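The structure appears below as structure tokens.
The values are calculated or read from the model by the stated rules, or taken from the named source; none is laboratory data. Please read these numbers as outputs of a predicted model, since none were measured by experiment. Glycine also receives a Cβ, built like all others from the backbone with ideal geometry; neighbour counts cover every protein chain displayed.
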Amino acid sequence: MIEKSKKTKNSRLFGFSKEEMLINLPRHSQCSPNLLFKVQNTSESILKNNGSQFARKINQMLHEIFRELERNRQFTRTNLNNRGVLYGKITLSHQNENELLKFFHDRFPNCFICLYNTFKNETITMNEQGRFQKFQVSLDEIVKKISLNRPITPYFEDISMNNEEIFQEFYSSQFIASRENRKYFKKMIPKYAMEMPGMKGGVENRFRNNLLDKYIKTTK
Amino acid sequence: MVSTLEKIRILGENGKYDICASTSSSRSESAPNLFGNTPNWIGSTISAGVCHSYAPDGRCVSLFKVLFTNKCIYDCKYCFNNVCKKRVSFTPEEYARTFMKLYSMNVLEGLFISSGICGDADETTKQMLEAVKLIRFKYNFRGYIHFKCLPGTSYYLLKEAVQLADRISVNLEAPTKEILEEIAEQKNYNTDIITRQRWLKEIRNKYNAKAKKIIYEKHDNQNSAEIEPQQNFSENYLSFECGTDRASQKINSEKGEWADEWGITRRRTGYKKIRWDGAPILNSGQTTQMVLGAGSETDYDILKRLDWEYREIDLRRGYFSAFTPIKGTPLERKKATPLEREHRLYQTDWLLRLYHVPIKEIKEILTMDENLPKGDPKLHLARNYFGDNGKIDPNKASYEELLRVPGIGLTSARRIIQLRQDNYIIKSRSQLHSIGVILKRADPFLRINGHIQTTIDAFKAIQVIQ
Ligand code: SF4
């Protein structure tokens, strides 16, 4: 049985407990042994009270970890091939790889999952038994190699293929013009998407003279 | 022949006005036994849900909200059906496959299946159920499904739908029979809608009571043996691990709680004590939707109906859709309802449903024409409740009193009580701030450690200036 996320239900109501902090902090890319030592020697009530600067820093780091994980769960677009390999690209700077793979493994337990981390230039995989592996190879190569050893499954063949067109059609059909809310929409675009290499203010560099607003569908 | 892409475009445009976008269900642990025992399943549900993309109107797109067909024998005055030129339908296979394709792309969290009424309600419901069965048993999908019950659907079909879906909704469209007649004269409010809602409640309670009995017996006998896998899927609902804790259903008679004929604990108001009851069958319960402003209803009509639904139907929640005139329909000249009305009603609905503010208190803040006043309803209620000089000390106030203060929500009130139990005394505003209280709104109603921050009069003056 795959273990559940280390963020417990209570942390949503009462903030992170000290134990949760110590478990999760090492996943942050800027976490050091010194920092962990300091957390260990600070009382829980101080750590939970955002009034102190140190507590604020720790809580912010924890939120960064979980926010990044949540964003990747939301916005990772995957493809499924007819041999049951599910693959896609992710952007993870913290050590959330295992958690993210578990999320997809829970949803597609019969698929081999391959995710290419554009931030670290590596491919992470999880097989049907939940075994985690890391490769310094490109996504295409890994998918090709793994697919070779797997039989074609009619079940997957039925729902695989490139479905981007279907999604675009569906997505544009859902917009209600009278409810347009640009401010909220822009708020919901993940920050990392705005700051990705080659982007400026949410717009690709080559269109840098245009603002993002131009591309948001408008009723006027 | 119309292509699948074309169908998605047309039926997606017709289906987008259904507001419900919730995808949370706590059924995940019990799912494997509910929909057969195959190891080849896909998908899961999570209690908080995931939103996968956002439309430019700010709404999240997390459900496959595409009508099954837009052929409809009714002609509700506010509906696209009056002007729709192209009539198309999916086949169950096409619908199921398209949904699964999108799910495999991680762009959807679940399915919302709704439809126009083609021929008659039963005929269309059968087709919709066919699609859902394909999704559940051919593609072995274990994720979230919201099934829209069409007005006038038969009991035996509802029974089937209850076993397949996570959530079912019947749209009320209007708060009273008379108002529904104004906007959709062919629908019968009592027989087509309310009776269906009652049936759904009855079916859900019946199935879950049976299931609970088995679990309790199993627990009491301390029999750890596995329940035999069921062959017949209609019997499968009996084998699950229920999340409901018997102790949490205890009746607190001091608070006026009581148990109904199903053994469900209810509050003094008649609302269910535990809304998310962990039931394996139809885990996310029943919801409904009303159109705002197409008829002549007032806010009080709507709130009164919701209050009734929470007591009698065990509605999980209500949704509101502000009316937008569609060109070519009989109501095309009617003014669009401001989205602010929708927002105020949602705020008040939260006060009813989660803060348990009695409806008669809400009635006191309504305007002469029985609509909600401008501004946050919680602020109006707090002014009524605390009076001009009433202030409470967060170190002494009860949980219910804390909830009355604007800026203190369910979470922060719970945190304050928790801290008090740990003998922690709140001495300053910054401590309240760190707990999550929004001081700007809470200040006029609080006395912290004997100190007052501002008076309600001063606060009102600030509001006028703003
Ligand atoms: S029943 Fe009424 S609202 Fe529903 S599709 Fe038919 S005409 Fe439209």
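Quick look at the numbers
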| read-out | value |
| --- | --- |
| Residues (over 20 Å from B:W41 (Cα atoms) and either touching a residue at least 24 places away in the same chain (Cβ under 8 Å) or surrounded by 15 or more Cβ atoms within 10 Å (Cβ to Cβ) (or both)) located in the range A:125-136 | A:F132, A:K134, A:F135 |
| Only listed residue being within 30 Å of B:A96 (Cβ to Cβ) and among the acidic types (D, E), chosen from A:E68, A:E164 | A:E164 |
| In the range B:123-132, residue surrounded by the most Cβ atoms within 10 Å (Cβ to Cβ) [restricted to those that are away from the ligand (no atom under 14 Å from the Cβ) and in contact (Cβ under 8 Å) with a residue 40 or more places away in the chain] | B:A131 |
| Qualifying residue in the range B:207-229 (condition: surrounded by 13 or more Cβ atoms within 10 Å (Cβ to Cβ), at pLDDT below 95 and closer than 16 Å to B:L158 by Cβ) | yes |
| Within the range B:182-198, considering residues that are under 18 Å from the mean Cα position of the chain (by Cα) and away from the ligand (no atom under 16 Å from the Cβ), the one surrounded by the fewest Cβ atoms within 10 Å (Cβ to Cβ) | B:R198 |
| Hits in the range B:42-66 (condition: facing chain A (nearest Cβ under 8 Å) and part of a loop (DSSP other than H, G, I, E, B)) | B:G43, B:S44, B:V50, B:C51, B:H52, B:A55, B:P56, B:D57, B:G58, B:R59, B:V66 |
| Filter result for the condition that a residue is at pLDDT 90 or above, part of a helix (DSSP H, G or I), within 16 Å of the ligand (Cβ to nearest atom) and not small (G, A, S), over B:I73, B:I10 | B:I10 |
| A:F75, sole failed condition from (1) without any contact (Cβ under 8 Å) to a residue 60 or more places away in the chain; (2) at the interface with chain B (Cβ under 9 Å from one of its Cβ atoms); (3) within 21 Å of the chain's Cα centre (by Cα) | (1) |
| Index of the failed condition, B:S239 passing every other in (1) at pLDDT below 80; (2) exposed (fewer than 14 other Cβ atoms within 10 Å of the Cβ) | (2) |
| Selection count, the range B:1-20, where residues are more than 10 Å from chain A (Cβ to nearest Cβ), under 21 Å from the mean Cα position of the chain (by Cα) and among the hydrophobic types (A, V, I, L, M, F, W, C) | 1 |
| Among the residues listed as B:G36, B:G43, the single one being at pLDDT below 90, out of contact with any Asp or Glu (no Cβ under 8 Å at 6 or more places or on another chain) and within 19 Å of A:R77 (Cα to Cα) | B:G43 |
| The range B:102-122, residues that are part of a helix (DSSP H, G or I) and away from the ligand (no atom under 14 Å from the Cβ) | B:L102, B:Y103, B:S104, B:D122 |
| Top-ranked residue of the range B:13-33 - restricted to ones that are of a type in the set (S, T, N, Q) and either in a loop (DSSP other than H, G, I, E, B) or at pLDDT below 75 (or both), ranked as nearest to the ligand (Cβ to nearest atom) | B:S22 |
| Pairs, first closer than 19 Å to B:L352 by Cβ in the range B:374-397, second surrounded by fewer than 17 Cβ atoms within 10 Å (Cβ to Cβ) and acidic (D, E), C-beta under 7 Å, six or more apart | B:L381/B:E361; B:N384/B:E364 |
| The range B:67-78 residues that are within 14 Å of another protein chain (Cβ to nearest Cβ), paired with ones that are of a type in the set (D, E, K, R) and more than 9 Å from the ligand (Cβ to nearest atom) (beta carbon under 7 Å, 6 or more apart) | B:N70/B:R87 |
| Hits in the range A:107-155 (condition: more than 17 Å from the chain's Cα centre (by Cα), away from chain B (no Cβ under 14 Å) and assigned to a strand (DSSP E or B)) | A:Q133, A:F135 |
| Residue count for the range B:148-181, restricted to those that are within 15 Å of the ligand (Cβ to nearest atom) and under 17 Å from the mean Cα position of the chain (by Cα) | 8 |
| Which numbered condition B:R87 fails, given (1) within 23 Å of A:E165 (Cα to Cα); (2) more than 15 Å from the ligand (Cβ to nearest atom); (3) in contact with a strand residue (DSSP E or B) (Cβ under 9 Å, 6 or more places away or on another chain); (4) at pLDDT below 95 | (2) |
